[in-house]
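First the structure, in the form of structure tokens, and then the observations on it.
Throughout, read-outs are computed from the coordinates displayed, never taken from laboratory work. Predicted model, so just to flag it, every value in this text is computed and none were measured.
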Amino acid sequence: MKKIDFPKSVCDQLEEIAESKKIYLEGNILKLIKSSESESFSEYILNAKKNDEEARRKRLEVTRTVQDQNKELIASKEENDALMVELKEALALAEEAKVAAENDLDIMQKKSQFELIGNIVSYALYIIAGIGVVTTALYIMAIFLNSEETTLIGSTWSNLFGILLTNSFSIIGTIMGVKYATDGEKRE
């Protein structure tokens, strides 16, 4: 390998820059330069090589630190991505559970409403039938006993059946209307 021989004037300028501004030549060029005219230039070359080694060591440390931090950041990002996927899955499961619970609650409410309506209608029909049977029994008894009150009981019986029939339809209509109205509110 051929060495580059610097003249004394160049060597002096490089040494002056090194003393005043602490700036040295760096890199592989230091292996190729020499000066046969300046004896102090070999000391400059040794200092430049030491500075170059120190600078390279520091750059290498910074590079390693940055690489380690990048590895940690990549691992953290992968962990965060995995957590995000898990969170999205958990959110989807929670949403499905919420919908299922709402559906179950709706079914239970409809079932209890249906049972309540059934009970109300049953009791209303029992009462209506009971009053009808009692009134009919009284009317039949008045007819067989040749009571003078047959006309009065007959018109009462007729009115009572009309009222009971009207009330039974009214009760059923009201219950169905309330049920329809509450179903309409849920649809909206």
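Using C-alpha positions alone, give me the convex hull volume of the chain per residue in cubic angstrom. Please list the in-between numbers first.
Working: hull volume 35.7 nm³, N = 188.
For the chain, the hull spanned by Cα atoms encloses 190 Å³ per residue.
Mind pulling the per residue volume of the convex hull built on the Cα atoms of region 79-135? Å³ is fine.
28 Å³
If you wrap region 1-67's Cα atoms in a convex hull and average its projection over all directions, what's the area in nm²?
If I average the Cα hull's projected area over directions, I get 5.2 nm².
Gain in length, Leu87 to Gln13, computed as 0.36 nm per residue apart minus the alpha-carbon separation, to one decimal in nm?
Net length gain for the segment: 20.0 nm.
Please compare each pair in Lys3/Lys58; Lys77/Lys98; Lys8/Lys34; Lys2/Lys50 to a cut-off of 19 Å on the Cα-Cα distance and tell me which ones are over it.
Pairs exceeding the cut-off: Lys3/Lys58; Lys77/Lys98; Lys2/Lys50.
Quick one: divide the alpha-carbon radius of gyration of region 54-149 by 2.2 N^0.38 Å and tell me what you get.
Expressed relative to 2.2 N^0.38 Å, the Cα Rg reads 3.25.
Using only Cα atoms, tell me the angle between helix 41-144 and the longest principal axis of the chain; keep it within 0 to 90° and round to the nearest 10.
So the inclination is approximately 0 degrees.
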